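Participant: One structure, pasted below without further comment.
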Amino acid sequence: MEKRIILFLLLSFGIIFGFDFFLKELGLMPEPPPTEEEREASPAGYDPLSPTGSIQDASSDVRPHGDEQETSLNRGHNLEEIETPLYRATFINRGAQIQSWQLKQYLTQDEDDPRPIEFIYPEGHFAGPVSMQVADPAVNAMLNNSLFEVSRDFDTLDEVHPTGHLTFSYRNDEHSLLVEKEFTFTYDSYLVDVSIHIEGLEEDAVEVLLGTNFGVVEWGQGFIGALGPAWMIDDVLEKETPDPEIRRSGDIRWAALQDKYFISVLIPQGAQGVFAKTEAERVVTSGVEFPVDKGGSQLQFQLYAGPKQFDVMRSLGHGLEDTIDFGWFIYGSWGIVKAVAKPLFYVLRFLYEYTQNYGVAIILLTCGIKLLFVPLQYKSYKSMQGMQTIQPQIKAVQAKLKDDRERLNRELIKLYKEHKVNPVGGCLPMVLQMPVFISLFNILYMTVDLRKAPFLLWITDLSIPDPYYVFPILMGASMVLQQKIMPTTMDPTQAKMMLLLPVFLTFLFLTFPAGLVIYWLTNNVLTILQQVVTDRFILKPPTFNQPVPAGDDSLTKPTNGETGASKKKKGKAKES
């Protein structure tokens, strides 16, 4: 039984953690997204419908915080910059689209030259976020390539002036077309209210684009759940990869593009559909569809572009907090894992509020979980020790009845009952702790809270691997020591084979975030201490008896170190 469980664990770890590695080795893993250097070399802006796609050589006027002339008809490309304590956004008046969206409080992983994270995808020439498209190419050109008139009612956003409006207007009398886009910003929020007024549009529907990879800045890094497009329709969360395009209809709550730590979301009112389209490998465009009529339509929605902070996601409503998939495990989301993960996440943040160090909070949380499982672990030790005690009798039964499988099973069950030993008792705590481990794995691996969070000394970011591999090596050493002192029913050959498990996990954890390694190392150290205390003060290790010779009728009887002959001698002595 123990060998099968060990084999199962080894195969599970291999499948879970080695999948990406083997795909990369076989050349089946897609190429990673462009590096920061490649992003720097790419054009900073784009024109969705121009032949070159670049606006760098066009006449442009960057107005960071307003202009003396509140309303101006732009003769060329004009850029409007919005800056809050959280982000810096740049809008272009050609098509009234977002040209840049930088998160000021989140920097790139480049330690030599950290810069604010940019949400706009730098490669290719795709229509920008909040652009519109319809079926008619001529109208499309007017909506996305025309120069809009710009007005704003603020210079800066701060506590004194917390909100501001930026309005883009376009009128084409020849086609009786009127478009007005109004953006409402709040200084302490990533959420933007958007209102689009349209008149004279000879279409039944218009699509508002969330953008192309808007918000996907670290796609495909490491072992994580579904990334890319996600949406909620009729209260059902869906995460689908378009191949090459997906369209859904119903009660659209929101549509999003997401990666491990960041997300962009459109939360519409009255949308009738959602879509996502694959432009290239790991390049996806998404948006929502609104119904319109020629007499005039008012499109209302909210745009969120920022980190996947749990409280913020939950405050937005509509189940957006589930984009942080605490229940993810191998091939889907598990309710039991999610139910365990959320309380653990709250406890972790509660500990962080007092320690101001997520590494220390992880250690304290691990200690708390270990204390919670002490009674269960004690029963596990006791069961494993009982199995050790009766090992000689088990081997004797197996040797005598090796050709009679049915009787062998009956005799073993009888032996277990006589000694009150559960052969799977040692494994039950491991099974019960699996949801806790998986939950902690998801919390420590997927939450943006640990990104750029320092611990001590050289560990300056708990979301990336230990640069000097100190903690993974210590973790492997602790696993070897743990195997040496833990009770086991394996023979010496099997025990030596099990030493391969720490080696395998050590190499695996070299690529894991430091926060996860700290958790595992702490858990191993506590397990070793618990075992030492148990062996010395609570359950002393058993003294093994010699195996009962095959054929002895008393092979299933408890001997307590006595042979059948010695029992007979004692009986005669009592009679005399």
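Participant: Counting only residues that are touching a Gly at 6+ places or on another chain (Cβ under 7 Å), over 19 Å from Leu316 (Cα atoms) and open to solvent by less than 10 Å² (accessible area, probe 1.4 Å), how many does the stretch 236-257 have?
Facilitator: Count: 0.
Participant: Next up: Looking only at the stretch 433-481, how many residues end up being open to solvent by 40 Å² or more (accessible area, probe 1.4 Å) and among the polar types (S, T, N, Q)?
Facilitator: 2
Participant: Can you pull out the residues in the stretch 204-235 that are among the charged types (D, E, K, R) and either modelled with pLDDT of 90 or more or surrounded by fewer than 18 Cβ atoms within 10 Å (Cβ to Cβ) (or both)?
Facilitator: Selection gives Asp204, Glu207, Asp234, Asp235.
Participant: In the stretch 372-406, what residues are of a type in the set (D, E, K, R) and within 16 Å of Val421 (Cα to Cα)?
Facilitator: Lys379, Lys382, Lys395
Participant: Moving to a separate point now. Kindly indicate which of Val431, Val436 is within 30 Å of Asn524 (Cβ to Cβ), among the β-branched types (Val, Ile, Thr) and touching a residue at least 60 places away in the same chain (Cβ under 8 Å).
Facilitator: Of the residues listed, the single one that is within 30 Å of Asn524 (Cβ to Cβ), among the β-branched types (Val, Ile, Thr) and touching a residue at least 60 places away in the same chain (Cβ under 8 Å) is Val436.
Participant: Same structure, new question: Does Ile198 count as under 40 Å from the mean Cα position of the chain (by Cα), crowded, with 16+ Cβ neighbours inside 10 Å, of a type in the set (A, V, I, L, M, F, W, C) and over 28 Å from Gln105 (Cα atoms)? Before you say what the answer is, go through the steps one by one.
Facilitator: On the way: under 40 Å from the mean Cα position of the chain (by Cα): yes; crowded, with 16+ Cβ neighbours inside 10 Å: yes; of a type in the set (A, V, I, L, M, F, W, C): yes; over 28 Å from Gln105 (Cα atoms): yes.
Spelling it out, Ile198 is indeed under 40 Å from the mean Cα position of the chain (by Cα), crowded, with 16+ Cβ neighbours inside 10 Å, of a type in the set (A, V, I, L, M, F, W, C) and over 28 Å from Gln105 (Cα atoms).
Participant: Of the residues in the stretch 258-296, how many are buried (at least 17 other Cβ atoms within 10 Å of the Cβ) and small (Gly, Ala, Ser)?
Facilitator: Going through the stretch 258-296 one residue at a time, the tally reaches 6.
Participant: Checking Pro34 against (1) open to solvent by less than 50 Å² (accessible area, probe 1.4 Å); (2) in a loop (DSSP other than H, G, I, E, B); (3) at pLDDT 75 or above, only one condition comes out false. Which one?
Facilitator: (3)
Participant: Across the stretch 122-146, which residue is farthest from Asn78 (Cα to Cα) among those that are modelled with pLDDT of 90 or more and in contact with a Phe, Trp or Tyr (Cβ under 7 Å, 6 or more places away or on another chain)?
Facilitator: Pro129
Participant: While we're on this one: Being in a strand (DSSP E or B), open to solvent by 10 Å² or more (accessible area, probe 1.4 Å) and not aromatic (Phe, Trp, Tyr) is the filter here, so list the residues in the stretch 93-125 that pass it.
Facilitator: Arg94, Gln99, Ser100, Gln102, Lys104, Gln105, Leu107, Pro116, Glu118
Participant: Oh, and also: So which helices (runs of 4 or more DSSP H) are wholly in the stretch 309-379 and hold at least 1 residues that are open to solvent by 60 Å² or more (accessible area, probe 1.4 Å) and among the acidic types (Asp, Glu)?
Facilitator: It comes to 310-316, 335-355.
Participant: I'd like to check something: does the stretch 208-223 contain any residue that is in contact (Cβ under 8 Å) with a residue 60 or more places away in the chain and acidic (Asp, Glu)?
Facilitator: Checked against the condition, which is being in contact (Cβ under 8 Å) with a residue 60 or more places away in the chain and acidic (Asp, Glu), the stretch 208-223 yields at least one hit.
The values are calculated or read from the model by the stated rules, or taken from the named source; none is laboratory data. It should be emphasised that the depicted structure is a prediction, and the values quoted were computed from it without experimental measurement. Positions of Cβ are generated from backbone atoms using ideal geometry, with glycine treated the same way; all protein chains shown enter the neighbour counts. Accessible surface is based on the protein model in full, side chains and every heavy atom, while ligands, DNA and RNA are left aside. Shrake-Rupley method; radii C 1.70, N 1.55, O 1.52, S 1.80 Å.
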